[in-house]
1. So which of Val85, Val57, Val91 ends up being touching a helix residue (DSSP H, G or I) at 6+ places or on another chain (Cβ under 7 Å), closer than 21 Å to Glu112 by Cα and not in a strand (DSSP E or B)?
2. Return the only residue of Thr285, Thr306, Thr331 being within 30 Å of Ile390 (Cα to Cα) and of a type in the set (S, T, N, Q).
3. Determine the pairs where a residue that is in a strand (DSSP E or B), located within segment 142-170, has a partner that is among the β-branched types (Val, Ile, Thr) with Cβ atoms under 7 Å apart, the partner being 6 or more residues away or on another chain.
4. Please pick out the residue among Ala136, Ala110 that is part of a helix (DSSP H, G or I), in the same structural domain as Arg368 (by TED's automatic domain parsing) and within 24 Å of Trp398 (Cα to Cα).
5. Go over the candidates Ala70, Ala137 one by one and state the one that is over 18 Å from the mean Cα position of the chain (by Cα), aliphatic (A, V, I, L, M) and modelled with pLDDT of 95 or more.
6. From the set of residues in segment 60-70 that are touching a residue at least 40 places away in the same chain (Cβ under 8 Å) and not in a loop (DSSP other than H, G, I, E, B), which is surrounded by the most Cβ atoms within 10 Å (Cβ to Cβ)?
7. Return the residue satisfying two criteria in turn: it lies in segment 178-234 and is under 25 Å from the mean Cα position of the chain (by Cα) and of a type in the set (D, E, K, R), and of such residues it is surrounded by the most Cβ atoms within 10 Å (Cβ to Cβ).
Amino acid sequence: MPTRRRFVMNSAATAATALSAIGANDRIRFAIIGAGTRGSYIGGVFASFADAECVAVCDVYKPTREQVAAKLPGKPEAVNDYRRVLDRKDVDAVLIATPDHWHGPMVIEASEAGKDSYCEKPVTNSIETGLKMIEAARKHKRVVQVGLQQRSWRHFQENAERVQKGMFGTIYQAQCVYIGSYLRPPEEGGDPPPDLDWNLFQGPAERRRYTRSRQRLWRSFYDYSGGTLLDWGVHLTHIAHWYLSARAPLTASGSGQYVRYPCPERDQLPDSVACSWVYDRFVMTYTNSLMVNPHFDAQGNYFIGTMGSLQINRTGYRYRPNPPRVAPGQTPPPPPFEAVDESFRYVGGPSDQAHVRNFLDCVKSRQRPAVDIEDGFYATLPCLMGVLAIRYGKTYRWTGTEAKAV
């Protein structure tokens, strides 16, 4: 058994290593890996903090990396291959905003190289890879924040407290709704643009002929992602897990149909899907279709409880008490709480700022961030199981280490 003195010495050595990696001036030197729409935006959020400095911008598409590097202060180097970033001794942390199939290898290799990671959601498009990401982060004592920024959004935090304090009674159903699809029509393959490293884009994925959709709309394809279910669904399943203190589903079932376009290769998530998951205390569902409500945005998370219900998204929340059951002629009791409707304009900047700030603080303190790699994996897990269920037409059971077809 280690003595307290040895424990203190080891802890001090770990802290010293972390601080020396950041540098004497307490500035965190970071690199962007994947500088498209999201990467360039969050990279700008990082750069807005005085204690963060961008030293490299990596992207497989030359115009993207050069344009983003030119806009950032300090003239960061524009590079093609992420391995050049990980080899640099002046990089403390990486922002990973690549297509989803690259998240796993990059977080693992960054951890092995002694870099902390801010990884966009979903954690990965592979269950096996996700578990290896957790293992690597723990083994190498790395801080890994997952970009599920609703965790840092004030009204999501306030309503988490309402649910967890029992305001709505026992929650027995969690419903997740995101309207839309990324399904693309069939497209002929061709030559990639000369400024795009198509082989490096594909990386660990199966080799395919270049199409514009695979480059620009990669979230549609199973090779790189899992459609809206893996993209937007993980935001919703994360909220459900957070509010209900859940970890993993027992089973996942799903179905889908190609409606707007044919998909002869069946290499994309269908454009009409429905999923359901069984947990030990509740049931959760997901759909990408819903009647439009003219009064408020009906997308988001729904929590149905024994005393009332809550609906919440990025532009508001509303909750209602359940109507009491009384015998004819009896006076109904007063409601347990008053109904509330709150709608406001979407403003995502403060939560993005708070989420990045939390990561930077944790890089310095070595504490776990708001959405640690393990939290991010288990938020992604139901979506990954749902994709499997839809793709292969089977129900899947979580064993604790893998999803097995029932």
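The values are calculated or read from the model by the stated rules, or taken from the named source; none is laboratory data. Treat the numbers as computed from the prediction; the structure is a model and nothing was measured. Quick reminder, even Gly has a Cβ in these numbers, built from the backbone with ideal geometry, and neighbours come from all protein chains shown.
1. Details: Val85 fails: touching a helix residue (DSSP H, G or I) at 6+ places or on another chain (Cβ under 7 Å); Val57 fails: not in a strand (DSSP E or B).
The unique qualifying residue is Val91.
2. When all the criteria are applied, what remains is Thr285.
3. Sorted first by the residue in segment 142-170, then by its partner, the pairs are Val144/Val107; Val144/Ile373; Gln145/Val371; Val146/Val123; Val146/Val371; Val146/Ile373.
4. On inspection, the qualifying residue turns out to be Ala136.
5. Being over 18 Å from the mean Cα position of the chain (by Cα), aliphatic (A, V, I, L, M) and modelled with pLDDT of 95 or more holds for just one of Ala70, Ala137, which is Ala70.
6. Checking each candidate, the answer is Tyr61.
7. Looking at the filtered set, the residue picked out is Arg214.
A quick yes/no check of all residues on (1) surrounded by fewer than 17 Cβ atoms within 10 Å (Cβ to Cβ); (2) polar (S, T, N, Q); (3) touching an Asp or Glu at 6+ places or on another chain (Cβ under 9 Å):
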residue: Val55; (1), (2), (3): no, no, yes
residue: Leu72; (1), (2), (3): no, no, no
residue: Asn125; (1), (2), (3): no, yes, yes
residue: Thr129; (1), (2), (3): no, yes, no
